[in-house]
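The numbers here are math on the coordinates, done by the rules we state, and not lab data. Everything quoted here is computed from the prediction, not taken from an experiment. Glycine gets a Cβ as well: all are built from the backbone with ideal geometry, and neighbour counts include every protein chain shown.
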Amino acid sequence: MVTSKTPSHILLPRLVPQPLWGLSGYRKLTSTKWEKIRKVVVAEADGACEVCAETREKGMIVDEVWSYIPGQATLSGLRLLCPPCNAVTHAGQARSRGVDDEQLVAQCARVNGISGKDAANAIENAFTTWRELHSESHWHVSVLPSVLE
């Protein structure tokens, strides 16, 4: 069953610089600890995607919200995403899994209420930024204290 609530956030790709691929709380924590965190995030979001407000009984993803500037990666939060919004957020990974650009553009345009051309430009701009960041070889990683609470 898929239902929808009122959308609340802008959807843009947030591509992980290549030197940081694989860095995540999900991979660093035990499955028991991650599952406790996941339950809190799902409950706080009332089971709805925090971008488009879609709800599903299965398949929702706890997304780690990272920000990147050259040499600095900061984990600033966690949010619940539906699979289509997660695919746009991680467009590079989605492409590598066979999700085509038309699907990414359509979801980005629909959620943001923008044209397909503007959505395609937003996705391409994210890849341009990624290309600039991924060549950085030394990264400092931090976690905002609010994430640890």
Using the Cα gyration tensor of the stretch 18-71, with a ≥ b ≥ c the square roots of its eigenvalues, what is the shape: rounded (a/c below 1.5), prolate (a/b larger than b/c) or oblate (neither)?
-> oblate
The stretch 11-147: relative contact order as a whole-number percent, Cα under 8 Å and 6+ apart = 34
Segments 117-123, 87-93, 16-22 sorted - mean Cβ within 10 Å per residue, highest first = 87-93, 117-123, 16-22
Ranked by how many other beta carbons lie within 10 Å on average, peptides 98-104, 137-143, 47-53 from highest | 47-53, 98-104, 137-143
Can you list residues whose amide H is under 5 Å from L78's amide H, if they're 5+ apart or on another chain and H is modeled 1.01 Å from N?
-> V65
Output the antiparallel fraction of DSSP beta bridges having both residues in the chain, as a percent to the nearest 5.
-> 75
Using alpha-carbon pairs under 8 Å, 6+ residues apart, how would you state the relative contact order of the stretch 43-117 in percent?
-> 25
For a quick protection proxy, order the peptides 74-85, 58-69 by their average other-Cβ count within 10 Å, most packed first.
-> 74-85, 58-69
Sort the stretch 42-121 into rounded, prolate or oblate with this rule: let a ≥ b ≥ c be the square roots of the eigenvalues of the Cα gyration tensor; rounded if a/c is under 1.5, and if a/c is not under 1.5, prolate when a/b is larger than b/c, oblate otherwise.
-> oblate
Zone residues, the stretch 71-86, relative to H140, backbone N less than 15 Å from point 7 Å out along Cα-to-Cβ | 71-75
Under the rule of -39500 (n - 2.57) per DSSP H run of 4 or more residues, summed and divided by the residues of the chain, what mean residue ellipticity at 222 nm is obtained, to the nearest 500 deg cm²/dmol?
-> -12500 deg cm²/dmol
What span do the alpha-carbon atoms of the chain cover on each of the three principal axes, reported in whole Å from largest to smallest?
-> 40, 37, 26
Residues whose placed amide H lies under 5 Å from that of V143, excluding near-sequence neighbours | L75
Cα-centred dipole magnitude for the chain, charges only on beta-carbon of K, R (+1) and D, E (-1), debye, nearest 20 = 380
